[in-house]
Amino acid sequence: MWHTSTINKILRNEKYIGDALLQKTYTTDFLNKTRVKNNGIVPQYYVENNHEAIIPKEIFLRVQEELVRRRVVKTSANGKKRSYSCNHCFAQLVICGECGEMFRRIHWNNRGVKSIVWRCISRLESTGLECHARTINELVLQDAVVKAINQMLGDKSSYQAQLQLNIASVIRSSQATSVENIDEKLMALHPESPEQRSLRRDCR
């Protein structure tokens, strides 16, 4: 079983895309060979294409963007920042329609009856927001999500037709803005000299 810290190091390791960040650590005691993390004490050097890459750079960059996004998932109305949680598939996805806070999964014991429910954070913490959102049983929430997904998948004709209209609109728009049309519009806005016209033809 891998620790979270190990996985985080793997996701942030630039060596997988063929690059290398030099002097991540430096030696403080040459006799004992003690090395510490470099926090700007000595200069670092980033070398691109240092070796053969294992994964595409585009995937690595998307992972870095996702890591940044997960640092702060949502900022509440009172200014408190909510961090990412992967404890449940609904975490950070259920938002209160009254105060705008997120719902949190808790174990509920109501008069001796145990269950798992989702409650607005404003009703669990002192957020400074008054909220009267009802507590939602997790089974009810699961059924609602499944019904919504099935409804969307079952009614493919509506959104597929809209998708086709959108694609056709983009194609017509791209055809209307061909290189020749763009050149004509530019010429109308800013007539070019014979020398510029000759240079533009040579560059095509």
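The values are calculated or read from the model by the stated rules, or taken from the named source; none is laboratory data. Values in this document were obtained by computation on a predicted structure and should not be read as measured data. Glycine also receives a Cβ, built like all others from the backbone with ideal geometry; neighbour counts cover every protein chain displayed. Quick note on the areas: whole protein, heavy atoms, side chains included, nothing else; ligands and nucleic acids left out. Shrake-Rupley method; radii C 1.70, N 1.55, O 1.52, S 1.80 Å.
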### Message
Condition first: open to solvent by 90 Å² or more (accessible area, probe 1.4 Å), among the acidic types (D, E) and part of a loop (DSSP other than H, G, I, E, B). Now tell me which residues in region 18-64 satisfy that.
### Response
E48, E52
### Query
Among the candidates R111, R119, which residue alone is without any contact (Cβ under 8 Å) to a residue 60 or more places away in the chain, surrounded by 15 or more Cβ atoms within 10 Å (Cβ to Cβ) and basic (K, R)?
R119
### Pair list, Cβ under 9 Å, 6 or more apart: region 76-90 residue outside any loop (DSSP other than H, G, I, E, B), other residue open to solvent by 80 Å² or more (accessible area, probe 1.4 Å) and at pLDDT 70 or above
K81/R71
### Task
State yes or no: is N181 surrounded by 10 or more Cβ atoms within 10 Å (Cβ to Cβ), part of a helix (DSSP H, G or I) and modelled with pLDDT of 75 or more?
no
### Query
So which of G40, G18 is at positive phi, more than 28 Å from the chain's Cα centre (by Cα) and of a type outside the set (S, T, Y)?
G40
### Query
Just to be sure, is G79 under 25 Å from the mean Cα position of the chain (by Cα), farther than 26 Å from T4 by Cβ and among the small types (G, A, S)?
yes
